[in-house]
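Asker: Pasting in a structure now, in structure tokens, and then I'll have a few things to ask.
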Amino acid sequence: MREVQGHQARKRFGQNFLVSPGVIRKIIDAVAPRPGDTVVEIGPGLGALTEPLLERVDHLHVVEIDRDLIARLRQRFPAERLTVHEGDALKFDFGQLKQAGPLKIIGNLPYNISSPLLFHLASYADQVAEMHFMLQKEVVDRMVAAPGSGDYGRLSVMLQYRYFMERLFIVPPGSFNPAPKVDSAVVRMIPLKVGAGNTAVDETLFANLVATAFSQRRKMLRNTLKEFGGEALLEAQGIAPTARAETLPVATYVRLANVLSAAKK
Ligand code: SAM
């Protein structure tokens, strides 16, 4: 275990603390919080982002799992300025903050829970104004990948269905203590407006369809999507039956899911 500012960094909580003032400033500038904003920070840790955020907003919410860090945060920041929600962000009900207004969520996320956390947050997308996260660069590349690229997969489709996303900048390992083995990147995620054209009528069916299509990404969709109608379904929608999952844009998955749910009625 590595000691950072008198705290034993815990691997199981993905504790890589930001120590680069330049990177911290870039993240805060990207978030550009305003005094009245409702900002939630996931995993505040030793406060590298918490402190500069508190210089810009009246009040801040944080969700932290590590009891030692929670005690330090409570000691350092007054409760009128900082609400510390103690526990697992994967189980946190972000809906409890909705009265406070659309949420701006930010976090240098623990890498071991990043994908499940993104899926957890997707269910609160209608309460969110925008989110900024530091993640492994490789994960960010998969999130923002375009159809046809090797990085395009289930994560890309499911997140691009809900968010406009952009990779803002890359952060090298030396910006953290302890340093991770790989590059990180900061991503901005803005929920898309829900509309008839881009919304799956049955989101469970949409999620199943996408998961099935990418379960064997090298196979042709006429085989992987057999249980959904395979070749007949694809041909009726003008899609080559030899197409593979990684070639279909998000809108095509939505269209296929909506055709299937209309046929069920
Ligand atoms: N924000 C700090 C920084 O930038 O230096 C710390 C970032 S560190 C990568 C991740 C933080 O998330 C740690 O403080 C860790 O204890 C916390 N954490 C890990 N798993 C968590 C979970 N399931 N729920 C809430 N916080 C978690």
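The values are calculated or read from the model by the stated rules, or taken from the named source; none is laboratory data. Not measured: the values here are computed from a predicted model. Positions of Cβ are generated from backbone atoms using ideal geometry, with glycine treated the same way; all protein chains shown enter the neighbour counts. Remember, those area values only see protein heavy atoms, side chains included, never the ligands or the DNA or RNA. Shrake-Rupley method; radii C 1.70, N 1.55, O 1.52, S 1.80 Å.
Asker: Just for region 76-87: of the residues that are part of a loop (DSSP other than H, G, I, E, B) and open to solvent by less than 50 Å² (accessible area, probe 1.4 Å), which one is farthest from the ligand (Cβ to nearest atom)? Don't jump to the end; show me each part of the working.
Answerer: Residues of region 76-87 part of a loop (DSSP other than H, G, I, E, B): 77-81, 87.
Still in the list and also open to solvent by less than 50 Å² (accessible area, probe 1.4 Å): 77, 87.
Working: PHE77: 14, GLY87: 7 Å.
Per the criteria, the residue is PHE77.
Rundown of residues vs (1) in the same structural domain as ASN177 (by TED's automatic domain parsing); (2) farther than 28 Å from MET165 by Cβ; (3) open to solvent by less than 60 Å² (accessible area, probe 1.4 Å), yes/no style:
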site: ARG74; (1), (2), (3): yes, yes, no
site: GLY95; (1), (2), (3): yes, no, yes
site: LEU103; (1), (2), (3): yes, no, yes
site: PRO110; (1), (2), (3): yes, no, yes
site: PRO116; (1), (2), (3): yes, no, no
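Asker: Which of the residues that make up region 42-72 are touching a Lys or Arg at 6+ places or on another chain (Cβ under 8 Å), near the ligand (Cβ under 10 Å from one of its atoms) and open to solvent by 10 Å² or more (accessible area, probe 1.4 Å)?
Answerer: Within region 42-72, the first condition is being touching a Lys or Arg at 6+ places or on another chain (Cβ under 8 Å), and the residues that meet it are 46-47, 52, 54, 56-60, 66.
Going one step further and asking which of them are near the ligand (Cβ under 10 Å from one of its atoms), we end up with 46-47, 66.
Answer for region 42-72, where residues must be touching a Lys or Arg at 6+ places or on another chain (Cβ under 8 Å), near the ligand (Cβ under 10 Å from one of its atoms) and open to solvent by 10 Å² or more (accessible area, probe 1.4 Å): just LEU46.
Asker: ARG162 - would you say it is open to solvent by 30 Å² or more (accessible area, probe 1.4 Å) and touching a helix residue (DSSP H, G or I) at 6+ places or on another chain (Cβ under 6 Å)? Show your work before the answer.
Answerer: Details: open to solvent by 30 Å² or more (accessible area, probe 1.4 Å): yes; touching a helix residue (DSSP H, G or I) at 6+ places or on another chain (Cβ under 6 Å): yes.
Here the answer is yes, as ARG162 does meet what is asked.
Asker: Need a quick list: helices (runs of 4 or more DSSP H) entirely within region 161-265 having at least 3 residues that are touching a residue at least 12 places away in the same chain (Cβ under 8 Å) and among the polar types (S, T, N, Q).
Answerer: Working: elements: 203-213, 221-224, 230-236, 250-264.
Counting at least 3 such residues, we get 250-264.
Asker: Is there any pair with a first residue in region 99-128 that is closer than 14 Å to VAL40 by Cα and outside any helix (DSSP H, G or I) and a second that is within 14 Å of the ligand (Cβ to nearest atom) and charged (D, E, K, R) whose Cβ atoms are under 7 Å apart and which are 6 or more apart or on different chains, and what are they?
Answerer: Pairs that qualify, where the first residue is closer than 14 Å to VAL40 by Cα and outside any helix (DSSP H, G or I) and the partner is within 14 Å of the ligand (Cβ to nearest atom) and charged (D, E, K, R), are ILE106/GLU41; GLY107/GLU41.
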